[in-house]
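The values are calculated or read from the model by the stated rules, or taken from the named source; none is laboratory data. Because the structure is a prediction, the values reported are computed rather than measured. In this analysis, Cβ positions are derived from the backbone assuming ideal geometry, glycine residues included, and neighbour counts consider all displayed protein chains.
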């Protein structure tokens, strides 16, 4: 089966980390008859905006809509902005255009992986933060009200999107429990003690939780969650929260893993999904071969996994697992670490180390 993949190469280091990820994906597909991947470039981003005045062309949106999955690299540049001063962020526009309500942010600390935490014996960090990605405090992005004396943004939480979000969260908890990666618990992260909007959010969560008696569910305020993510992150399984809270907590999760260079992500809806690294475009190191490709490669693995599950393709699921394990090995053993992880390897050397594990020493 041929799967069409829309490719957004991004800005800054974006094209540098996308290239080795695509090369690995092509080689994985080439060695099996179970699936094939057809990549189609979709222009967008800050550089494209500077050249054309359009950050996300209609043609690129159509490419994304028709694709089976979307692979997106780091986007945006701090010195290229819209007239109102906000940054170019087509990735957010895509989330809203395609209703990608579930922002999936895995947090996994691999054996031997550097982390600022001291992990007790017998404990491991392996949880997923799900961030609602289309509304919340991002609802009025670029449309907030600003006067000389005050500024206002509007937080929006709807029943429709929240029900879809919580259904996704409990389904993921089922999948993780079945795979032996989680205890089957979903935690709703909110601020329901202060805001009526979050009390509304929590009520919808509880209604969905009642539909899953085989799973555990609980609540946590966002400030306490930030504390517990540092003190006892091994206690979490699946966490689900509002857009802005998820934006902040996902970076904390990346910090637990040693940095954004190891943080993949996905934004998933009912019919479409975007896979991209959590980090930015790092224009200060662009073109120098210093960028860490692991988050982009891990995002590609998430894409294979999602497509494999969606189309009942075991070969894609297995390749996704092998790709994750290859990155785990390189990071855990320190075989080829880039500068942000304390190593001296180049982007290509780090990606090559992953390819060697997948395809053999001659790769």
Could you list, in sequence order, the residues of the stretch 283-303 that are surrounded by fewer than 22 Cβ atoms within 10 Å (Cβ to Cβ) and out of contact with any strand residue (DSSP E or B) (no Cβ under 6 Å at 6 or more places or on another chain)? 284, 285, 286, 287, 288, 289, 290
Considering 169, 197, 102, which residue is modelled with pLDDT of 95 or more, crowded, with 19+ Cβ neighbours inside 10 Å and closer than 29 Å to residue 82 by Cβ? 102
Do we find a residue being surrounded by 12 or more Cβ atoms within 10 Å (Cβ to Cβ), assigned by TED's automatic domain parsing to the domain that holds residue 52, in a strand (DSSP E or B) and in contact with a helix residue (DSSP H, G or I) (Cβ under 6 Å, 6 or more places away or on another chain) anywhere in the stretch 133-147? no
Selection within the stretch 178-206 - over 20 Å from residue 133 (Cα atoms), in contact (Cβ under 8 Å) with a residue 40 or more places away in the chain and not in a loop (DSSP other than H, G, I, E, B): 185
For the stretch 234-243 the number of residues that are in contact with a helix residue (DSSP H, G or I) (Cβ under 9 Å, 6 or more places away or on another chain) and either within 14 Å of residue 222 (Cα to Cα) or in the same structural domain as residue 301 (by TED's automatic domain parsing) (or both) is 5
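In the stretch 157-171, how many residues are out of contact with any strand residue (DSSP E or B) (no Cβ under 6 Å at 6 or more places or on another chain) and either assigned to a loop (DSSP other than H, G, I, E, B) or within 21 Å of residue 213 (Cβ to Cβ) (or both)?
Number of matching residues: 8.
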In the stretch 172-183, which residues are crowded, with 17+ Cβ neighbours inside 10 Å, out of contact with any strand residue (DSSP E or B) (no Cβ under 6 Å at 6 or more places or on another chain) and under 19 Å from residue 225 (Cβ atoms)? 176, 182
Being under 15 Å from residue 131 (Cβ atoms) and either surrounded by fewer than 21 Cβ atoms within 10 Å (Cβ to Cβ) or out of contact with any helix residue (DSSP H, G or I) (no Cβ under 9 Å at 6 or more places or on another chain) (or both) is the filter here; which residues of the stretch 244-259 pass it? 244, 246, 247, 248, 250, 251, 252
Residue 154 fails exactly one of (1) in a loop (DSSP other than H, G, I, E, B); (2) at pLDDT 95 or above, namely (2)
